[in-house]
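Q: Quick one: structure below, then a few questions.
Bear in mind these aren't lab numbers, they're just calculated from the coordinates by the rules spelled out. Just so it is clear, the structure is predicted and the values come from calculations on it, not from any experiment. Glycine gets a Cβ as well: all are built from the backbone with ideal geometry, and neighbour counts include every protein chain shown.
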Amino acid sequence: MKLKQILKFPARILIFVTLLSLTLISLATPRQNVADYISSGDQFLAEKKHSKAYESYLKAESLDPNNPQVHLKLAHLYEETNNLNLAYEEASKAVALSNNSPQASVELEKIKAVLEEEKKLYENIVYWEKEVLEKPDYRDAWIQLASNYYRIKDFGKAKEAINKALELDPNYEIAKKLKESIP
């Protein structure tokens, strides 16, 4: 069609055709795909940029919510940020979506084991807290409490407990070494 013929069209039609053309061009422009978002999420995770990794994985999930790899990546992220219940949920989704793939199943079992260990640590803390309430002069109970707090990364409470043990026995080498290891 020649320019003179095009200019004879009403302005509304020209605007419509222009917008339609621009829309089609934007649709034809390649967008990031799931693999690209997973890859960028992996990069951010390696750099310990957890919020950026999370954004990338969520974008991948929005493009393909039934992709088991995306859910496995989210499980890794949650595990690394110590959100074990969310890690377990995502790993479970990955297992279900992947028809029980060995990789997803292994990840799920690993997270289950960590959750069990965490549960035991909290049970130990409850036990040793009760012990120090009943026997405040029991040095080893304070050390056990400090050790369990340390393992769940509650360093403030770990320091309090180890300081209490050192008040009871300032020369106890094990308590001194534990105190040095608490950040």
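Q: Go through the range 144-183 and name the trypsin sites (Lys or Arg not before Pro) that are in a DSSP coil and have 10 or fewer other Cβ atoms within 10 Å of their Cβ.
A: Filter output for the range 144-183: K153.
Q: Let me ask something additional. What FRET efficiency, computed as 1/(1 + (r/R0)^6) with R0 = 35 Å and r the Cβ-Cβ distance, is obtained for Y127 and A96, rounded to the nearest 0.05?
A: Computed FRET efficiency for Y127 and A96 comes out at 0.45.
Q: Can I ask one more? Which log10 I(q)/I(0) values does the range 135-181 give at q = 0.25, 0.29, 0.34 Å⁻¹ under the Debye formula, counting every alpha carbon as one identical point scatterer?
A: Taken in order of the listed q values, log10 I(q)/I(0) reads -0.79, -1.04, -1.32.
Q: Evaluate the relative contact order of the range 44-101 (contact order divided by residue number), counting alpha-carbon pairs under 8 angstrom at least 6 apart; express in whole percent.
A: 30 percent
Q: I need the GluC sites (Glu not before Pro) found in the range 41-150, filtered to DSSP loop residues with at most 15 other beta carbons within 10 Å of theirs.
A: Qualifying residues, ordered by number: E47.
Q: Another question about this same structure. Tell me the label-point distance for the pair E160, Q43, using the 7 Å Cα-to-Cβ offset, in nm and rounded to one decimal.
A: Using points 7 Å along Cα→Cβ, the separation is 4.4 nm.
Q: Considering the dipole of the range 59-172 built from charges on the beta carbon (Lys and Arg +1, Asp and Glu -1) around the Cα centre, which of N124, A96, P136 is farthest to its positive end?
A: Looking along the dipole axis, the top candidate is A96.
Q: Still on this structure, I have one more. Might you report the magnitude of the Cβ-based charge dipole of the range 34-116 about its Cα centre, with Lys and Arg at +1 and Asp and Glu at -1, to the nearest 20 debye?
A: Roughly 80 debye, rounded to the nearest 20.
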